[in-house]
Every structure is written in C-alpha cells, then in structure tokens.
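Report on one structure; see the data block that follows.
The values are calculated or read from the model by the stated rules, or taken from the named source; none is laboratory data. Remember, it's a predicted structure, so these values are computed and weren't measured experimentally. We work out accessible area using only protein heavy atoms, side chains counted, and drop any ligands, DNA or RNA first. Shrake-Rupley method; radii C 1.70, N 1.55, O 1.52, S 1.80 Å.
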Amino acid sequence: MADLVTSGQIVLLVWGASPPPSNMENYVNELRTKTGADGFVQVENAEMLLQSKHDKSKFDAVLSGTISPEAGFQHSDEILAEILKTLKPNGQLFINDGKDRPLDKLKSTLTMTGYTTIQIKENSTSSDYQIKCQKPNFEVGKSNKLSFAKKTQNKDVVSIWTLSANDTNDENVAIIDSDALLDENDLKKPDLSGIITDCGTSKSGKRKACKGCSCGLKEELSGEAAPAVKSACGSCYLGDAFRCASCPYLGMPPFKSGEQITLSDRQLQPDVY
C-alpha cells in the first residue's frame, strides 16, 4: 500500500482493530520511506479520530483500514465527514470498508458526504474491496464573489445585483441591453393633459359630463332620456370580458339584462385629474 503515497506528502493512517495488526510497524515504515524527509505520516485509531480534532485541510492523503483485511472496519458517516474535513482540496482517501456493507450503499454514502471520483478495486486475496476517492478542489464552506456583483462607493455596502449585456463572456448567451432599446422620448414624463376627463364630480364638487359622454350622465343632468342602446352581440350585460371592442358599455360593471345601469359615486370619480 506504500505505492498509494508520494514523496513530500502529509499522510494520515487510520486503523480500526484493537490491538493493532502485527504488520502495522512495517507498514508505517514503508509509508515514511515513501514520503521521505519532506513528508510526514501520522497514525490514528478510528475510535479516537473524532476526538483528536485535526486541523482542516491538513493531509494530502488518508489511508483508512488499508493495513490488512483484519484491520478493516465499517466507516460511519461521522468518520467519513471528519476525514473529508482534514483532507486538503484534491486530497485522496483510500479505504478498506470490509465486506459487511453493500458496495452500492457505500458509494452512495461517500457521494452524499462530499467525495468525488470514486473508484472500486476488489482484492484478489480476500472478499473485500478497496476504494479510492477524492475531495473536491475547494474547501467546505468556501465562498466566491460573483463577477457581476457591483459595489457602491461605500465599500462596506453591497448594491443590488445587476446584470447587463457586458457582464458575461459566454458567446453562446445573447443578452439584450434593455437600456439600449429606449430613446429620449421614452424617458420623458407622459403628458396627462390629453387624457384628463371631467366626467363625474369635478374638483369644485359640481357634477359635469365629459365631451362624448356615454355613461348617461349627460342625459341625467339635462333631464333627457338616455337613448336606448341596442346590443350587437347580446352579451353586454355580462361584463367587459364578453363585450365587443366598440361596446358602449366598456368599463361598466356587469348588470342584469334589461335593467338600467347605475354607477356609484366612487365609480363616477375619475382616476386622473
């Protein structure tokens, strides 16, 4: 197993048997010879791994349960998560999990814990298997600022995110700059003088019909009878959803067929002055 490490690496060897396997000393010496003077090999029992609180991103490689088949043990979710924390980004884990757990379940557990590039190798001399996997090339909990997150002049205050056509380098993504679609006329404040109506109650409080009044207020104020309106479709009383584009009842509430339309003071009050 010494061929699993290279010169200069910091390696953690985890064993689960008690007492230690008989070949453990020779195994550790092989690892130290392989890592050389610039490397380091640390030995830890699986039961003490969670209590040792190793530093994050400390080891280049972790070998767990690989000393011999009898030293193999079933890795709990907590142990796998602790090993992942102690591995450096792109660090490798080699484990022998014994033969009691189904292989597909172990692979699923490793994936859910955060390991990638999971490779399986069955041992020819025994019924167990060795697994090689890797920690992703980033630290757990690491964050990275997006390129289009803009800041205001106050460096401590992050402004609302905006995304323009110049904020992406992807040639396959076509983003239209909405600001370029507007001209000077679009940015002008609209002139409401042309749409002001005095139908209903004016500011002075006097009721006054607008030019071209079609709601019946003109006839009501003059005492004339409102001309009878004949429906072309017969659905005017149902509401705007059923009325034609030229229907004289557009904008009026639904009513019962044949009844006289009456509008409340609120409905006669214009929205715009």
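A few points about this structure:
- Probe 1.4 Å - accessible area at R32, Å² to nearest ten: 120
- In this structure K34 has an accessible area near 90 Å², from a 1.4 Å probe over the protein heavy atoms.
- Ligands, DNA and RNA left out, the 1.4 Å accessible surface of the stretch 10-135 is 47% carbon and sulfur atoms.
- Ligands, DNA and RNA aside, D186 has an accessible area near 90 Å² when probed at 1.4 Å.
- Per residue, the accessible area of the stretch 10-135 comes to 51 Å² when a 1.4 Å probe rolls over the protein heavy atoms.
- Inverse of mean 1/r across different Cα pairs in the stretch 6-73, Kirkwood, Å: 12.3
- Sequence of E220, E82 when ordered by accessible area, the most exposed leading, probe 1.4 angstrom: E220, E82
- A 1.4 Å probe over all protein chains sorts Y27, Y237 by accessible area into Y237, Y27, starting with the largest.
- When S22, S178, S235, S64 are compared by accessible surface with a 1.4 Å probe, the order from highest to lowest is S22, S178, S235, S64.
- Dimensions of the stretch 10-135 based on its C-alpha atoms, expressed as ranges along the principal axes with the largest first, amount to 39, 31, 25 Å.
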